[in-house]
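Comments concern the structure below.
The values are calculated or read from the model by the stated rules, or taken from the named source; none is laboratory data. If you're wondering where the values come from, they're calculated on a predicted model, not measured in any experiment. Here the Cβ is made from the backbone with ideal geometry for all residues, glycine too, and neighbour counts use every protein chain on show. For accessibility, only protein heavy atoms count, side chains too; no ligands or nucleic acids. Shrake-Rupley method; radii C 1.70, N 1.55, O 1.52, S 1.80 Å.
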Amino acid sequence: MTPGFKLVGRLKERALTLALAESCTGGMVAQHVTDVAGSSSVFAGGVVCYANEVKRDLLQVPREILDTCGAVSRDTAASLAANVRALFRTDLSAAVTGIAGPGGGTLDKPVGLVYVAALGPRGLVVRRYVFS
């Protein structure tokens, strides 16, 4: 059973649609969703927004957020989730942004830092993780 199997099943049960914005995962979350037969009935699509220009120009993350908070931040994850949901006109959205490494980390933002945002009719949830 693929990781997306349970998610796709629950989306189908609730007749909800999903869109994704992925930075550090490079489309792997969407792959897990689309590995499930019938996922096209609930998954609208996603954007791999690895570059800041894509976050800013396609997914409309404000320049101020990218300049002050950075691409790997709670605010960027929230903005990505909101804007990919609007772009695809879905019920739900999720966004992931982080520092996959092996380089690029700092004391404030170490390699393995990831923000995951989920947005739906009940509101927004953003979680911060630091993976080894």
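Quick one: would you say A100 is open to solvent by less than 20 Å² (accessible area, probe 1.4 Å) and either farther than 20 Å from V54 by Cβ or touching a residue at least 40 places away in the same chain (Cβ under 8 Å) (or both)? Before you say what the answer is, go through the steps one by one.
Numbers: open to solvent by less than 20 Å² (accessible area, probe 1.4 Å): no; either farther than 20 Å from V54 by Cβ or touching a residue at least 40 places away in the same chain (Cβ under 8 Å) (or both): yes.
Considered against the rule, which asks whether it is open to solvent by less than 20 Å² (accessible area, probe 1.4 Å) and either farther than 20 Å from V54 by Cβ or touching a residue at least 40 places away in the same chain (Cβ under 8 Å) (or both), A100 comes out as no.
Any residue at all in segment 73-84 that's out of contact with any Cys (no Cβ under 7 Å at 6 or more places or on another chain) and surrounded by fewer than 13 Cβ atoms within 10 Å (Cβ to Cβ)?
No, every residue in segment 73-84 fails to be out of contact with any Cys (no Cβ under 7 Å at 6 or more places or on another chain) and surrounded by fewer than 13 Cβ atoms within 10 Å (Cβ to Cβ).
Here's a check for you: in segment 47-70, which residue that is open to solvent by less than 80 Å² (accessible area, probe 1.4 Å) and not in a loop (DSSP other than H, G, I, E, B) is farthest from G105 (Cα to Cα)?
V47
Output the residues belonging to segment 1-34 that are at pLDDT 95 or above, in a loop (DSSP other than H, G, I, E, B) and either touching an Asp or Glu at 6+ places or on another chain (Cβ under 7 Å) or more than 17 Å from V116 (Cβ to Cβ) (or both).
A15, L16, T17
Does any residue of segment 71-84 turn out to be in contact with a helix residue (DSSP H, G or I) (Cβ under 7 Å, 6 or more places away or on another chain), of a type outside the set (S, T, N, Q), part of a strand (DSSP E or B) and under 16 Å from L18 (Cβ atoms)?
Taking every residue of segment 71-84 in turn, none turns out to be in contact with a helix residue (DSSP H, G or I) (Cβ under 7 Å, 6 or more places away or on another chain), of a type outside the set (S, T, N, Q), part of a strand (DSSP E or B) and under 16 Å from L18 (Cβ atoms).
Determine whether R89 is out of contact with any Pro (no Cβ under 9 Å at 6 or more places or on another chain), open to solvent by 90 Å² or more (accessible area, probe 1.4 Å) and charged (D, E, K, R).
Answer is yes for this residue.
Search segment 32-52 for residues being free of Cβ contacts under 8 Å to residues at least 40 places away in the same chain and among the aliphatic types (A, V, I, L, M), and hand back the single one that is farthest from T97 (Cα to Cα).
A37
Just give me the residues in segment 1-20 being free of Cβ contacts under 8 Å to residues at least 60 places away in the same chain, surrounded by 14 or more Cβ atoms within 10 Å (Cβ to Cβ) and either among the β-branched types (V, I, T) or closer than 16 Å to R122 by Cβ (or both), in sequence order.
Correct list: T2, V8.
Report the residue count in segment 87-99 for those that are under 19 Å from G26 (Cβ atoms) and touching a Gly at 6+ places or on another chain (Cβ under 8 Å).
At the first step, the residues of segment 87-99 found to be under 19 Å from G26 (Cβ atoms) are 87-88, 93-99.
From the residues that got through so far, the ones that are touching a Gly at 6+ places or on another chain (Cβ under 8 Å) too are 88, 93, 98-99.
Residues meeting the conditions: 4.
Look at segment 103-114 and say how many of its residues are in contact with a Gly (Cβ under 8 Å, 6 or more places away or on another chain) and open to solvent by 30 Å² or more (accessible area, probe 1.4 Å).
Number of matching residues: 3.
Looking at A44, A37, which is the one that is part of a strand (DSSP E or B) and either surrounded by fewer than 21 Cβ atoms within 10 Å (Cβ to Cβ) or over 14 Å from the mean Cα position of the chain (by Cα) (or both)?
A44
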